[in-house]
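A short worksheet on the structure shown next.
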């Protein structure tokens, strides 16, 4: 139990570092919501290496502390909605994918994260006009999700269950 808790704490710290580093990278495109999602590497890894509940714990702590560290608590709403939808969407494929198909969860997770954030934006702005970004967010989610999913797959295959 102590080993698992220590591993979860370490993974949460790594996810926070990735989140903080990514926040310092200038945006490459002028479309709100498009980013690499590097911290999702840890979520995908944790779902496969530790289990869904442990991954959820890491996700929730990372989202909360990331919002506190960034100083923008409105980020909490976006990150929480996106993160929870991402986590939920990865639960079913987790049971049927092999270690060589983990990257698929990265893509599914990124696309669902963008959907969750768009739903929160629609609720906050009380307007469907923000949905105009959805096709570009889906495309970016596929590309960035492929990258983060492949990174998570590499971690699972190299580190295994810790």
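Read-outs: derived from the displayed coordinates by stated rules, not from any lab. As the structure is a prediction and not an experimental result, all values here were calculated from the model. Neighbour counts run over all protein chains shown; Cβ positions are idealised from the backbone, glycine included.
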(request) Would you kindly compute the Cα radius of gyration of the chain and its largest Cα-Cα separation (Dmax), both in Å? (result) 15.0, 48
(request) Arrange the following residues from fewest to most other Cβ atoms within 10 Å of their Cβ: 120, 142. (result) 142, 120
(request) Could I have the simple spin-label model distance between residue 100 and residue 157, label points 7 Å from Cα toward Cβ, reported in nm to one decimal? (result) 0.9 nm
(message) I need 62, 94 ordered by Cβ neighbour count within 10 Å, fewest first.
(response) 94, 62
(message) Students often get this wrong: which residues of region 33-55 have the backbone nitrogen under 20 Å from the point 7 angstrom along Cα-to-C-beta of residue 10?
(response) 39-55
(message) Can you report the principal axis dimensions of region 13-109 using only the alpha carbons, biggest first, rounded to whole angstrom?
(response) 38, 27, 21
(message) Helix 74-96 against the longest principal axis of the chain: what's the angle in degrees, Cα atoms only, rounded to the nearest 10?
(response) 50 degrees
(message) Could you tell me how far the Cα centroid of region 1-28 sits from the Cα centroid of region 82-152, in Å?
(response) 19 Å
(request) Classify region 66-155 as rounded, prolate or oblate from the Cα gyration tensor: take a ≥ b ≥ c as the square roots of its eigenvalues, call it rounded if a/c is under 1.5, otherwise prolate when a/b beats b/c and oblate if not. (result) prolate
